[in-house]
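Visitor: Handing you a structure now.
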Amino acid sequence: MNKNANYGAGKWKATVLSCGTHMNYKGALSSGYDQELFIKLPYLAYLLQDGEMNILIDNGINERYVVDGKAWGGIPAWASSKDLLDSLAKHGLGPGDIDLVLYTHLHNDHAGNANLFPTTRSIAQKDEWENLLAPTYAELQRRDFDLDVVPYLKDNPNFIKIDGDLEIMEGIRLVKTPGHTRGSQSIVVNTTQGLRIFVGDLFHMPCCCFPWMTEMPDCDGVMHKITPAADNAPSLRSSLVYDCYSYYESVDKIKALLPAMDPAYVVCGHDPALFPRS
């Protein structure tokens, strides 16, 4: 553990935004460990503020992608655009107050509300855009890449596609971390609480990055015992990985950026410990 909990502190205040919840089998997201654990996980977005700018990391899932109470892959879900709008409203904001949207990737549970930001400056990786335009058969069958998202991004005159790593402003760096998808990226931020790396679904939950963990909560705050992996396991890989070789390279890249192997530095895409329950 790092003795300096505020290592890498900067000007950006980071706030977790609820975008709804869903059920999933933990084992599907963590190399088969605890396959019987059917657990409630959140859809999340993150708000970055410095007193001048409001930046959104991802924007959750839209009700268009929850059909008969089920999201992509047939998993039960309770989520809509209202969840994001209500979360923003709690901070006195609406979609028009957002200056920039940063996409970790373009699955419909992370970019599903792109329609709410039709002209907002938005950034994703070029490879991710190309993956969305031409998903693999499995991705189309699961519907995580949903072609319905395409026109909302394509018609945005301020949708920017980058290739590779880029520092976009003081205290915010985009780092390409493919694996979960072809063009996933992580957002490295110097927050007021210290360095934080928003990894999207490279790691769905902290135990995927730190496989020695022995418990985790669900969205209701109930703790569950989980199985730690072997000591030499670099991570727990999700079954939803586009390219395993790229995935493990990205795991190493993120770990190289960490000042210590401390879960506090890694902000995952569906971490129930972060879910705002009030």
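Visitor: Over the alpha carbons of region 20-135, what is the largest minus smallest coordinate on each principal axis, giving the biggest first in Å?
Guide: 46, 34, 27
Visitor: Put a dot 7 Å past each Cα toward the Cβ at Ile160 and Leu133; how far apart are the dots in nm?
Guide: 2.0
Visitor: Then there is this: Over 21 Å between C-alpha atoms is what I'm after, so list which of Lys40/Lys82; Lys11/Lys176; Lys126/Lys176; Lys126/Lys253 land there. All intermediate terms of the calculation are to be shown ahead of the outcome.
Guide: On the way: Lys40/Lys82 19 Å; Lys11/Lys176 23 Å; Lys126/Lys176 10 Å; Lys126/Lys253 19 Å.
Beyond 21 Å: Lys11/Lys176.
Visitor: Let me know the charge dipole size of the chain about its Cα centre in debye, to the nearest 20, where only the beta-carbon of Lys, Arg (+1) and Asp, Glu (-1) is charged.
Guide: Roughly 260 debye, rounded to the nearest 20.
Visitor: Work out the length of the dipole vector of region 151-256 about its Cα centre, built from +1 on the beta-carbon of each Lys and Arg and -1 on the beta-carbon of each Asp and Glu, and round it to the nearest 20 debye.
Guide: Numbers: 10 positive and 13 negative charges, 28 e Å.
Roughly 140 debye, rounded to the nearest 20.
Visitor: Shifting gears a bit: Residues in region 229-268, backbone N under 19 Å from the label point at Asp50 (7 Å along the Cα-to-beta-carbon vector): list them, ranges by number please.
Guide: Label zone hits: none.
Visitor: Can I ask one more? List the residues, sorted by chain then number, that are 5 or more residues from Leu37 or on another chain and whose placed amide H is less than 5 Å from its amide H.
Guide: Lys26, Gly27
Visitor: Using the Cα centre of region 79-235 as origin and beta-carbon charges of +1 (Lys, Arg) and -1 (Asp, Glu), tell me which of Thr136, Cys208, Asn232 is placed farthest towards the positive end of the dipole.
Guide: Thr136
Visitor: Mean shadow of the chain, computed from the convex hull of its alpha carbons, in nm²?
Guide: Working: hull surface 53.6 nm².
Reported value for the Cα convex hull: 13.4 nm².
Visitor: Let me ask you something else. Relative contact order for region 206-278: what is it in percent, counting Cα pairs under 8 Å that are at least 6 residues apart? Each step should come with its number before you reach the end.
Guide: Values: 67 pairs, mean separation 27.5, N = 73.
RCO, region 206-278: 38 percent.
Visitor: Continuing with this model, one more query. For region 199-215, take each phi angle, set θ = phi - 60°, evaluate the Karplus expression 6.51 cos²θ - 1.76 cosθ + 1.60, and give the result in whole Hz per residue in order, putting x for glycine and proline.
Guide: Karplus-based 3J(HN,Hα) across region 199-215 equals 9, x, 9, 4, 10, 5, 9, x, 5, 6, 8, 10, x, 7, 5, 10, 7 Hz.
Visitor: Straight-line reach only, C-alpha to C-alpha below 13 angstrom: list the aspartates and glutamates that Lys225 could link to, leaving out same-chain residues fewer than 8 apart.
Guide: Output for Lys225: Asp34, Glu36, Glu215.
Visitor: Across region 37-43, in residue order, what do the Karplus-derived ³J(HN,Hα) couplings come to in whole Hz, using 6.51 cos²θ - 1.76 cosθ + 1.60 with θ = phi - 60° and x for Gly and Pro?
Guide: Here the 3J(HN,Hα) series is 7, 9, 10, 7, 10, x, 9 Hz.
Visitor: Right, something else. From the phi angles alone, apply the Karplus equation (6.51, -1.76, 1.60; θ = phi - 60°) to region 28-35 and give each ³J(HN,Hα) in whole Hz, x where the residue is Gly or Pro.
Guide: 5, 10, 9, 6, x, 5, 6, 5
Visitor: Between the DSSP loop rule and a limit of at most 11 other Cβ atoms within 10 Å, which trypsin sites (Lys or Arg not before Pro) in region 1-93 are left? Walk me through the numbers before you get to the answer.
Guide: Values: sites: Lys3, Lys11, Lys13, Lys26, Lys40, Arg64, Lys70, Lys82, Lys90; in loops: Lys3, Lys11, Lys90.
Those that pass, being in a loop and sparsely packed, are Lys3.
Visitor: Now for a different question. Whole angstrom only: what separates the Cα centroid of region 97-159 from the Cα centroid of region 223-273?
Guide: Cα centres, region 97-159 to region 223-273: 24 Å.
Visitor: How far, in nm, would the chain grow between Arg142 and Asp243 when pulled straight, counting 0.36 nm per residue and subtracting the alpha carbon separation? Intermediate values should be presented prior to the final figure.
Guide: Working: separation 101, 0.36 × 101 = 36.36 nm, distance 1.64 nm.
Extra length available between Arg142 and Asp243 comes to 34.7 nm.
Visitor: Under 5 Å between amide hydrogens, which residues at least 5 positions from Val267 or on another chain qualify, with H placed 1.01 Å from N in the peptide plane?
Guide: Those lying under 5 Å, H to H, from Val267 are Ile197, Phe198, Val199.
Visitor: Please give the peptides 115-122, 16-23 ranked by average Cβ packing (other Cβ atoms within 10 Å per residue), highest first, as a rough proxy for protection. The partial results should precede the final answer.
Guide: Numbers: 115-122: 18.2, 16-23: 21.9.
Those peptides, ordered most packed to least, come out 16-23, 115-122.
Visitor: Projected onto the charge dipole of region 1-116 (+1 at Lys/Arg Cβ, -1 at Asp/Glu Cβ, origin at the Cα centre), which of Ala114, Tyr25, Gly94 gives the Cα projection farthest towards the positive end?
Guide: Value computed over the given set: Tyr25.
Visitor: If you put +1 on each Lys and Arg Cβ and -1 on each Asp and Glu Cβ, how big is the dipole of region 129-197 around its Cα centre, in Debye rounded to 20? Don't skip to the end; give the middle numbers.
Guide: Numbers: 8 positive and 10 negative charges, 31 e Å.
In debye, rounded to 20, region 129-197 gives about 140.
Visitor: Per the Kirkwood treatment, what hydrodynamic radius in Å, one decimal, follows for region 89-176 from the mean inverse distance over all distinct Cα pairs? List each step's numbers first, then the result.
Guide: Values: mean 1/r = 0.0724 Å⁻¹.
Kirkwood hydrodynamic radius for region 89-176: 13.8 Å.
Visitor: Can you send over the carbon and sulfur percentage of the accessible area for region 140-267, probe radius 1.4 Å, protein chains only?
Guide: Values: 2800 of 5630 Å².
Using a 1.4 Å probe with all protein chains present, region 140-267 comes out at 50 percent carbon and sulfur.
Visitor: Would you mind working out the accessible area per residue for region 143-278, using a 1.4 Å probe, and quoting it in Å²? Before the final figure, lay out the partial values.
Guide: Details: 5850 Å² over 136 residues.
On a per-residue basis, region 143-278 sits at 43 Å².
Visitor: First select every other residue whose beta carbon is under 10 angstrom from the beta carbon of Glu128; then total the charges, Lys and Arg +1, Asp and Glu -1.
Guide: Working: positive: Lys126, Lys161, Lys176, Arg182; negative: Asp127, Glu130.
Within the 10 Å Cβ shell, the charges total +2.
Visitor: Which far-off residues, 5 or more places away or on another chain, put their amide H under 5 Å from the one on Ser30, with H placed in the peptide plane?
Guide: Ser239
The values are calculated or read from the model by the stated rules, or taken from the named source; none is laboratory data. Given the structure is predicted, the values throughout are model-derived calculations rather than measurements. Every residue, glycine as well, gets a Cβ built from its backbone with ideal geometry; the counts of neighbours run over all protein chains shown. Quick note on the areas: whole protein, heavy atoms, side chains included, nothing else; ligands and nucleic acids left out. Shrake-Rupley method; radii C 1.70, N 1.55, O 1.52, S 1.80 Å.
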